[in-house]
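Accompanying notes for the structure given below.
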Amino acid sequence: MQISGSSAVVVGGAGGLGEATVRRLHAAGAKVVVADLADEKGKALEQELGVRYVRTDATSEDDVQAALAEAESAGPLRISVDAHGGPASGGRLVGKDGSPLDLAGFRTTIDVYLTGVFNVLRLAAAAIARQEPLDGGRGVIVSTASIAAYEGQIGQLPYAAAKGGVVSMTLVAARDLSPLGIRVVTIAPGTFNTPAYGKAGDQLEAYWGPQIPYPKRMGLPAEYAGLVQHIVENDYLNGEVVRLDGALRFPPK
Ligand SMILES: NC(=O)c1ccc[n+]([C@@H]2O[C@H](COP(=O)([O-])OP(=O)(O)OC[C@H]3O[C@@H](n4cnc5c(N)ncnc54)[C@H](O)[C@@H]3O)[C@@H](O)[C@H]2O)c1
């Protein structure tokens, strides 16, 4: 599918992986809407690139609809990328004091990291379904999981459960949307040095770098964005989860 001339929504587009994707799709000629909660960064991208920023909570129907409507008004909406983050709770299933892992924290993590992705997936699919087909296809939806979906580490149970849900939605969504010519692909990143880690980024680089088979470093947001571009352009990629991890397999901790 050709990126140039299409309109695209990037949920979490003001974050590390999202911003790199916004820049990549914009450079390839898409009209991009940044859908995020980070007003300052979103508006800065608007100023710098001429993209549009719509304040969006991925878990809100109204917010996501508004971001999609903005994208539809700019041109045929064919690309939705979801790379939003948010709060995740964790801890051992049974703590040292014998207490069970917090239920409210589990629910919040599932809400942000699984329900939010589902919300974007369903609303983006309905919006892309309204577009005229181009060479038989209408568009593509990219979601973001994590290798924690497969190798959740100690203390990561809620996050791993949410990401596992994102992985499991991928094939079924691709099957559901196949009559509409809409592809669904998920990226499962390993460790990427993004603002999500704040000041701990350098320490994490020193910790993870040597553990990654090759290349011996954390991933670069531009590498994630490069994969998004390939997924959009390669019509035969569908219903798949692509690990992007330098062959890293998370150890138990
Ligand atoms: N960075 C990594 O190593 C890594 C590894 C595996 C998976 N991931 C996944 O990739 C995604 C992006 O990660 P990142 O490192 O770019 O994070 P990030 O913190 O740099 O960016 C996340 C963005 O999402 C926005 N956001 C937070 N809550 C939101 C909401 N409810 N609705 C819309 N936007 C919201 C934030 O404002 C921020 O701009 C996350 O889902 C994360 O779990 C990241």
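The values are calculated or read from the model by the stated rules, or taken from the named source; none is laboratory data. These numbers were taken from a predicted model, which means no experiment stands behind them. Don't worry about glycine lacking a Cβ; one is built from the backbone with ideal geometry, like all the others, and counts go over all protein chains shown.
Values as computed for the structure displayed
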read-out	value
Any chance residue 16 is modelled with pLDDT of 95 or more, more than 30 Å from residue 161 (Cβ to Cβ) and either within 9 Å of the ligand (Cβ to nearest atom) or exposed (fewer than 14 other Cβ atoms within 10 Å of the Cβ) (or both)	no
All positions within segment 178-204 that are modelled with pLDDT of 95 or more and either within 16 Å of the ligand (Cβ to nearest atom) or of a type in the set (A, V, I, L, M) (or both)	180, 182, 184, 185, 186, 187, 188, 189, 190, 191, 192
Selection count where residues are of a type outside the set (Lys, Arg) and more than 28 Å from residue 155 (Cβ to Cβ), scope segment 70-94	11
Subset of segment 146-170 [among the aliphatic types (A, V, I, L, M) and more than 24 Å from residue 6 (Cβ to Cβ)]	147, 148, 149, 154, 157, 160, 161, 162, 167
Counted residues, segment 47-77 - those being within 14 Å of the ligand (Cβ to nearest atom), surrounded by 17 or more Cβ atoms within 10 Å (Cβ to Cβ) and part of a helix (DSSP H, G or I)	4
Candidate set from segment 93-117 (those that are among the small types (Gly, Ala, Ser) and assigned to a helix (DSSP H, G or I)); member that is farthest from the chain's Cα centre (by Cα)	104
Helices (runs of 4 or more DSSP H) within segment 144-253 that include 2 or more residues crowded, with 18+ Cβ neighbours inside 10 Å	157-177, 221-233
Qualifying residue in segment 207-216 (condition: away from the ligand (no atom under 15 Å from the Cβ), without any contact (Cβ under 8 Å) to a residue 60 or more places away in the chain, touching a Gly at 6+ places or on another chain (Cβ under 9 Å) and among the hydroxyl-bearing types (Ser, Thr, Tyr))	yes
Residues of segment 4-29 satisfying the condition of being within 18 Å of the chain's Cα centre (by Cα) and not in a helix (DSSP H, G or I)	7, 8, 9, 10, 11, 12, 13, 14, 15
